[in-house]
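Visitor: The structure's right below; bear with me while I get my questions together.
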Amino acid sequence: MRTNRTLQRVCAFALPLMAVRAVPAAQEPPRPELPDTNTVFKPAVYKTLEEWKARREWLREQVRVAAGLWPEPKRTPLHPKVFDKKEYDGYTIEKVCFESYPGFYVIGNLYRPARIEGRIPAVACALGHWAKGRLHQDDVAHHPALALTLARLGATVLVYDMTGYNDGGRQIKHGINTPQRDLWGITTLHLQTWNSTRVIDFLQSLPEVDPERIGMTGASGGGTQTFILYAIDDRVKVAVPVNMISSTMQGGCVCENAPCLRIDANNMDIGALMAPRPLLMISTSGDWTRLTPQVEYPFIRGIYELYGAADRIANAHFDYGHNYNRASREAMYPFMARWLLNKPELTKVDEGEVKKFEDAELTVWTDENVPRPLPTIEQLTEQLQKDIEAQARAAAPTDAASLAALRRRVTVGLNHIIAARWLPREQSRQWPESRSGNARRQLASRLLGRGHMTRALGPLAVVIAPELSASFEESAQNARTACAALTPVGKPASQPAKRPQFFTTFNRTDAAEAVVDALATLCAELQHGHPSATLRADGELGPVGLVARALVPDEAVKAVGLRTAIDMNGFDVTRDDDYLKHLNLPHIRRIGGLRAVAAAACNGPIWFHHVGENFDREWVEAAGRINGVEVKVTREKADEKAIADWLNAGR
């Protein structure tokens, strides 16, 4: 390994304290088994309601970030079209389409009671991967039967398709995920979750609907949509997810998976987020919900018991294959009747004989009435990226309030992008372990001096760099300071031979693993009692160090007077290619990219050098002025002595 004068000089120019003993360099540990959609998860244990509520807040944020809803998009006009009303025995059916985004449509059928008096409840019926979507009618699933029966019971019901199904196939395909779109949080899960959010908006806009009585149900992928939405949207008052909340299979389609969704989490955790609102879990012996009565239901019921709301949760278990069949539907109706329709006397509901509908009776678009032009997925992606950029520009820091809002946007986003957060020293045992060996560039923390001091602690220098010299420990000993250094473990291209499907749904990206290690070191060392500290991140690890630095809270920065020098390594903060090659963090561009991250890091003196030509110095300089700290930006790569002199200035 070639000599790295950077790290030698950092120690040489640090303020004097004492010589310290170096801990031997870390070795790459064996690779653990990587979680995936078929991993068998064990239920967590929550002893108190306060413990669960803290976890609940974290999980809700995690789902929002993973679904591309942090920050939430602007709610544009729906421009609904409701037409072609047909009257049947006790109910009516209409065709519906409205725009969840401009030019992008939610498509379905609206079922209403034939007679409506006063305000009535509404039910959103999300659909899974049935062969014909909302048109599907057989013994395994009959979506018109479900909707018309609820309408006869007194609810307005919208049955809507997944993206790319039936009429929606004229717009886009079902699966749209790419690494580039992941950076922006533009995934199939995002589109479906946003569609479901706008479905609630649409139902609440109907004149006959009581906006405080909205229910939701769906099976299979529709079950996933149901618990994903109720996890983040409290407007869903009653829910019946069918054959999906499982400890053994988390969802096998791209629409049920997105980066960061289930890192250190699973569908049991997310399913429990309905508590304490009424929840019926329907399961069957013939699929991955076969253990629900013994595993998933007792766990979620335990959460309801913490609220004193055990009467609001139930499980109906059947002996069928994967379904939303008549038996399952007839278990759902009385639950909805009790908790949503205010008809607790309806303890048994028989669908009776159901009309067979022709596809044309329910299809919304024909060649004659389809809106034109419909955007392609490429055009929709471009439109959404422009909207995200406009929203980010509107978040530029101009005063203390806007800067605080920006920092919250960045902090919450990064917490779930890397699946870790800053922890007080007394909670350090809760720090998540990196899954070493998964990462392309796993870092090893070499903490030089911690635990080996014999006198009072002194200044600390933290260095994050691509490589260390062979004589680094000797340099650290000769320098009279405490040092913490992070360097890569293993070869840069090191990775498992085969990564499981939906890898980033359950595991951090390589870049996220590196940030976790950097943040873990900062968390431990900056709270170790040092009177002052400096941080330096060099070369290709400069952006990694910046992301970790943005998560250091004000109190930790002020406690040690932290001064920071970040080598941006020419990173172009406006190019997706730079992120994918050097800092692949899904959803990073939705929160504003490194432009916003850099501004969030300006809560202490900081020098950005070797910045790319599109680095927005106005954001960081504005943040510096608001915080009253020095912010320095230079295009050139700074030399060693200049960095050391600046880091130690005023000490």
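Visitor: How much accessible area does L206 have with a 1.4 Å probe, in Å² rounded to the nearest 10?
Guide: 20
Visitor: If you don't mind, there's one more thing I want to ask. P(r) tail for region 26-136, what percent of Cα pairs lie past 19 Å?
Guide: That tail contains 73 percent of the Cα-Cα pairs.
Visitor: Another question, if that's okay. If you roll a 1.4 Å probe over region 84-209 with all protein chains in place, what percent of the accessible area is carbon or sulfur?
Guide: 49
Visitor: Quick one: net charge around A600, please, counting Lys, Arg +1 and Asp, Glu -1 for every other residue with C-beta under 12 Å from its C-beta.
Guide: Value of the local net charge: +4.
Visitor: Okay, next question. Over the chain, what is the percentage of antiparallel beta bridges among all DSSP beta bridges, to the nearest 5?
Guide: The antiparallel fraction comes to roughly 35 percent.
Visitor: Of the peptides 34-40, 236-242, 221-227, how do they stack up when ordered by the mean number of other Cβ atoms within 10 Å, highest first?
Guide: 221-227, 236-242, 34-40
Visitor: Over the chain, calculate the relative contact order: mean separation of alpha carbon pairs under 8 Å at least 6 apart, over the residue count, as a percent.
Guide: 18
Visitor: Calculate how large, on average over all directions, the projected area of the Cα convex hull of region 328-382 is; give the answer in nm² to one decimal.
Guide: Over every viewing direction, the Cα hull of region 328-382 projects on average to 7.6 nm².
Visitor: Calculate the radius of gyration of the Cα atoms of region 211-343 to one decimal place, then report Dmax, the largest Cα-Cα distance, as a whole number, both in Å.
Guide: In order Rg, Dmax, the Cα atoms of region 211-343 give 13.6, 41 Å.
Visitor: Continuing with the same structure: Say R0 is 25 Å: what FRET efficiency, to the nearest 0.05, do Q294 and E57 get from their beta-carbon distance?
Guide: Efficiency, rounded to the nearest 0.05: 0.30.
Visitor: Okay, moving on. Given a 1.4 angstrom probe, I'd like the percentage of the accessible area of region 270-380 that is carbon and sulfur, rounded to a whole number.
Guide: 51
Visitor: Let me ask something else about it. Hey, what does the equivalent ellipsoid look like for region 534-589, semi-axes from the Cα gyration tensor as sqrt of 5 times each eigenvalue, largest first, whole Å?
Guide: 24, 13, 7
Visitor: Whole number please: convex hull volume per residue, Cα atoms of region 172-234, in Å³.
Guide: With only Cα atoms used, region 172-234 gives 106 Å³ per residue.
Visitor: Right, next: Sorted by average packing, counted as other Cβ atoms within 10 angstrom per residue and highest first, what order do 628-636, 381-389 take?
Guide: Going from most to least packed, we get 381-389, 628-636.
Visitor: In addition: What shape does region 274-409 have by the C-alpha gyration tensor, where a ≥ b ≥ c are the square roots of the eigenvalues, rounded means a/c under 1.5, and otherwise prolate means a/b greater than b/c and oblate the rest?
Guide: Verdict is oblate for region 274-409.
Visitor: Can you work out the Karplus-derived ³J(HN,Hα) for every residue in region 168-185? Use 6.51 cos²θ - 1.76 cosθ + 1.60 with θ = phi - 60°, whole Hz, and x for glycine or proline.
Guide: Running phi through 6.51 cos²θ - 1.76 cosθ + 1.60 with θ = phi - 60° gives x, x, 6, 8, 9, 7, 5, x, 10, 5, 9, x, 5, 5, 4, 4, 9, x Hz.
Visitor: Given the Cα-Cα distance of A559 and E621 and 0.36 nm per residue of separation, how much length would full extension add, in nm?
Guide: So the extension gain works out to 20.1 nm.
Visitor: Quick check for you: which residues of region 598-621 have the amide N under 17 Å from the point 7 Å beyond the Cα of S402 toward its beta carbon?
Guide: Output list for this probe position: 598-602, 616-621.
Visitor: Here is a follow-up. Just the C-alpha atoms of the chain: what Rg/Rh do they give, with Rh taken as the Kirkwood radius?
Guide: 1.03
Visitor: How much accessible area does R575 have with a 1.4 Å probe, in Å² rounded to the nearest 10?
Guide: Using a 1.4 Å probe on the heavy atoms, I get roughly 110 Å².
Visitor: Which semi-axis lengths, in whole Å and largest first, follow from the square roots of five times the eigenvalues of the Cα gyration tensor of region 73-189?
Guide: 28, 17, 12
Visitor: Mind running the shape call on region 565-648? Use the C-alpha gyration tensor, a ≥ b ≥ c as the square roots of the eigenvalues: rounded below 1.5 for a/c, prolate if a/b tops b/c, oblate otherwise.
Guide: It comes out oblate by the Cα gyration axes.
Visitor: Moving to a separate point now. Contour minus end-to-end for K74 and D577, with contour as 0.36 nm per residue of separation and end-to-end as the Cα-Cα distance?
Guide: Gain on extension, K74 to D577, equals 178.4 nm.
Visitor: If I ignore ligands, DNA and RNA and count only protein heavy atoms, how much of R75 is accessible to a 1.4 Å probe, in Å² to the nearest 10?
Guide: 90
Visitor: Sorted from largest to smallest, which semi-axis lengths in Å does the alpha carbon gyration tensor of region 274-335 give for its equivalent ellipsoid, taking the root of 5 times each eigenvalue?
Guide: 22, 14, 7
Visitor: Same structure, new question: Counting only heavy atoms of the protein chains, get the accessible area per residue of the chain (1.4 Å probe) and round it to a whole Å² value.
Guide: 38
Visitor: Sticking with this one: Assuming R0 = 45 Å, what is the FRET efficiency of Q427 and M249, from their Cβ-Cβ distance, to the nearest 0.05?
Guide: My answer for the efficiency is 0.85.
Visitor: Given a Förster distance of 51 Å, report the FRET efficiency between E613 and S205 from their Cβ-Cβ distance, rounded to the nearest 0.05.
Guide: After rounding, the FRET efficiency stands at 0.65.
Visitor: Helix-only mean residue ellipticity at 222 nm, the chain, DSSP H runs n ≥ 4 weighted -39,500 (n - 2.57), per residue, nearest 500. What is it?
Guide: Mean residue ellipticity, 222 nm, calculated: -10000 deg cm²/dmol.
The values are calculated or read from the model by the stated rules, or taken from the named source; none is laboratory data. Quick caveat: nothing in here was measured; it's all calculated off a predicted structure. Ideal geometry is used to build each Cβ from the backbone, glycine not excepted, and the neighbour counts take in all protein chains shown. Heads up: the accessible areas ignore ligands, DNA and RNA and are worked out on the full protein's heavy atoms, side chains in. Shrake-Rupley method; radii C 1.70, N 1.55, O 1.52, S 1.80 Å.
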